[in-house]
Structure formats: structure tokens, C-alpha cells
Amino acid sequence: MVKSKDITNIGLINPHQWERARWRATGYFVNEKANNLPCMGFIFHKSRCGENIFSQWQNQFGKVDSFEEIRISIIQGLDACEGIGYIIHLSSDPLQTLGCRKK
């Protein structure tokens, strides 16, 4: 069993950066040229600020998140304003982060 004292939060989101970038949408597609690899992209109102977010992630995790520390959850359900919709939740994966820290 994992104890709460052993879980580390890696600070995936910098709220000020995300506010400046103004995240507006999420895109999902399949790359047919790469064995139908699923791809996801974030659309920002201020693209340069969005690029800075991903530059920091590359500095923190590298070009590939080898330890799978980044968790992206797509939660489908009812939205009070829009009816049926979904929410994208970005966070660190505490169990993967724990495993990474122990190595």
C-alpha cells in the first residue's frame, strides 16, 4: 500500500502560464501514417505562451515522458451549461512519480 507521505506532486501545471496562454480547446486525432497512433493537442489563444508551457515540460520530462508521470484524463458526463460534454484533467500520476523517485 502506498502511504500519502510517499506521494510526490511534481507541479505539472503553472496556473499563471496557463492563464496567460488561455487554453481554449483540445484536439484528438489518429495518425494513420504512424500505425494509427492516437494524438492529442491543446489549442491556446496565445500560441507563444502555449509553446512556453510545452518547452518547460520538455525541460522537466524530456521529449518522451519515459516514467509516464503526466496523466491526462478525459472525463465524460453532464455539463451544467452545455449538456453532455467532457472535461480534460491534467495532473501528475502520483504512483508513477513515486516509482520514478525510488529509482
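Rule-based calculations on the coordinates, nothing more; no lab input. Every value quoted in this text rests on a predicted model; they were computed, and no experiment measured them. Counting neighbours? That spans all protein chains shown, and the Cβs are built from the backbone with ideal geometry, glycine included.
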Quiz item: What FRET efficiency, computed as 1/(1 + (r/R0)^6) with R0 = 22 Å and r the Cβ-Cβ distance, is obtained for Ser47 and Ile72, rounded to the nearest 0.05?
Solution: 0.65
Practice problem: For every other residue with a beta carbon closer than 11 angstrom to the beta carbon of Gly50, add +1 if it is Lys or Arg and -1 if Asp or Glu, then tell me the sum. | Solution: +4
Quiz item: Convex hull volume of the Cα atoms in the stretch 37-86, per residue, in Å³?
Solution: 128
